[in-house]
Amino acid sequence: MKRSLPTDLARALFRFFQDYLPGQRGLSLHTIRSYRDSVLLFLRYTAKDTQRRMEAMTLADFSADQVTRFLRHLEMERHNGITTRNARLAGLHTFARFLTAHYPEHMAIFQSVLGIPFKRGAQRVPVDYLEVSEVETLLGGIDRATSSGRRDYALFALMFNTGARVQEVLNLKIRDVRFDPPHQVRLLGKGNKIRLCPIWPRTAKLLQELAKASSTSSEEPADAYLFQNRHGKALTRFGVRYLLRKYLSGGQSGSSKRLHPHSLRHTTAVYLLKAGVDFATISQWLGHANINTTMHYARVDMDIKRQVLTQVFPETLAAPASGRVRLDGTEISDWLKRL
């Protein structure tokens, strides 16, 4: 059987992800993985759209017309918002710039991809986080009598504890956890920035038990990933999304929320804010590059808003006292004004 040779697209993708992004651009692992997801989604869609195998695609398939259909697919079929659509396009634009420089004979094709504009009108999506009852439902629904259940419980407990991004948690190796007091984990965040985050003693015990039970093929057990799938490989973000939906009945938890792994990070941020922790500390805790990113949590929780309201002119603008209101016209006018 004749062995098939890699296509020009396959060779370009290898150079793009193995050399250009990490070596020449110096992008972080998180950004590279985001671009990888965008390209992978595009390839999967194009393979289905053209009814061809993914490994048979060439650079000619990376056209403006195909990218436009892919973006329409994201919005119409995957129900992605404008922000997500633009993020996917940003990854494809970066790939197109790389191709323009390395394959000038196809410059016209790639420049047409670069000409696809970002869509305006993206609205700030409400921050969905878990209420206390939802956290209890999530953790209470895990069967800790099984090895996978103990892993899942430790995973979600750590995510609630640290508020870390899901990929930051999945990248953790056993050597990144301090099991002795003071208990803490070492997280690699965006921009390859390392931060230390304290964890509860109970969380440290869960992680220590998980580390003892983990399998490793490396000579040094400390280099093994903390959270592994059944094949002994690192758990993926898609795996965490599946687990979250599994324990929360499809990720909806009986409400209109669209819960996803990042919702656990939002949950930690909101409850730190409720506890009175200042924005600067929360920003450092979550690894935000800019404190303005942290500020948007102030617009999230109604309990915080009500608490602030009671502190502003509490007697003058307080809610009307409970009790009956006369509806003969002598009190109803004043009552309406106080609403």
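What follows draws every value from the coordinates through simple rules; no lab data is involved. As the structure is a computational prediction, the values presented were derived from the model and not from experiment. Neighbour counts run over all protein chains shown; Cβ positions are idealised from the backbone, glycine included.
Sequentially through segment 62-72, phi angles give Karplus couplings (6.51, -1.76, 1.60; θ = phi - 60°) of 8, 10, 4, 5, 5, 5, 4, 5, 5, 5, 5 Hz, Gly and Pro residues having no value and appearing as x.
Taken about its Cα centre, segment 8-114 carries a charge dipole of roughly 260 debye when the Cβ of each Lys and Arg holds +1 and the Cβ of each Asp and Glu holds -1. By the beta-carbon count within 10 Å of each Cβ, the least crowded to most crowded order of Val39, Val277, Val132, fewest first, is Val132, Val277, Val39. Calculated from the alpha-carbon coordinates, segment 8-114 shows an Rg and a Dmax of 13.2, 36 Å respectively.
Cβ crowding within 10 Å ranks His262, His296 as His296, His262, fewest other Cβ atoms first.
Hey, how much of the P(r) for segment 132-299 falls beyond 23 Å, as a percent of Cα pairs? So the portion of pairs separated by more than 23 Å is 39 percent. Amide H to amide H, with H built 1.01 Å from N, Lys173 comes under 5 Å of Leu226, counting only residues 5 or more places away or on other chains. With a Förster radius of 45 Å applied to the beta-carbon distance between Gln18 and Arg69, the computed FRET efficiency rounds to 0.95. Between Asn290 and Arg230, residue separation times 0.36 nm minus the direct Cα-Cα distance comes to 17.8 nm.
Between Leu40 and Thr146, the modelled labels are 2.4 nm apart [label points 7 Å from Cα along Cα→Cβ]. Taking the fewest neighbouring Cβ atoms within 10 Å as the starting point, the ordered list for Trp285, Trp200 is Trp200, Trp285.
Is any residue of segment 169-200 close enough, with backbone N under 18 Å, to a label point placed 7 angstrom from the Cα of Glu220 along the Cα-Cβ axis, and if so, which? Within reach of a label on Glu220: 171-179, 186-188.
Taking label positions 7 Å along the Cα-Cβ direction at both Leu114 and His79, the computed distance is 3.7 nm, reported to one decimal. The length gained by stretching the chain between Arg186 and Glu209 to full extension, at 0.36 nm per residue less their Cα-Cα distance, is 6.5 nm.
Close amide-amide hydrogen proximity is noted between Gln184 and Arg178, Ile199, each under 5 Å apart and 5 or more residues distant or on a separate chain (H modeled in the peptide plane; Pro and chain starts excluded). Subtracting the Cα-Cα distance of Arg33 and Ser133 from 0.36 nm times their residue separation leaves 32.7 nm of extension gain.
Judged by the mean number of other Cβ atoms found within 10 Å, the most tightly packed of the peptides 278-284, 86-92 leads the ranking 86-92, 278-284.
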